[in-house]
């Protein structure tokens, strides 16, 4: 027995589920309707990565700990890869033009480029491009 490298489901609490779904749709993400209802929406990042946007009340049913206010504190930084530097900018600009906020200024190391934003609930998202040929595989 052990951990398999299958799928990952990230669960995020959101204040207004329909507004969060509209925000992420405008950024370019799709949703799996089979796992979406009045309490939760299954955002598809890739065939192996999903983000479950959960209304805060529903999210609380999964934990005995207080739910962090992402607008006031950082609980996680979600990093996503992009196909190019231009794709990084495109995703972040879409987020900013639909209610997101800049988290950090772009960082360009030549072989790696990253830019980050906050979604409408304050969750931190970093989008990055890395030239795999410049990375030491050893």
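The values are calculated or read from the model by the stated rules, or taken from the named source; none is laboratory data. Worth saying up front: this structure is predicted, and the values here are computed from it rather than measured. Every residue, glycine as well, gets a Cβ built from its backbone with ideal geometry; the counts of neighbours run over all protein chains shown.
In the set (1) touching a strand residue (DSSP E or B) at 6+ places or on another chain (Cβ under 9 Å); (2) at pLDDT below 95, residue 3 fails one condition alone, (1). Of the strands (runs of 3 or more DSSP E) contained entirely in the stretch 28-138, those carrying at least 3 residues that are touching a residue at least 12 places away in the same chain (Cβ under 8 Å) and assigned by TED's automatic domain parsing to the domain that holds residue 10 fall at 30-32, 40-44, 49-55. Per the listing 110, 99, 6, 28, the residue uniquely farther than 14 Å from residue 126 by Cα, loosely packed, with under 12 Cβ neighbours inside 10 Å and in contact with a helix residue (DSSP H, G or I) (Cβ under 7 Å, 6 or more places away or on another chain) is 28.
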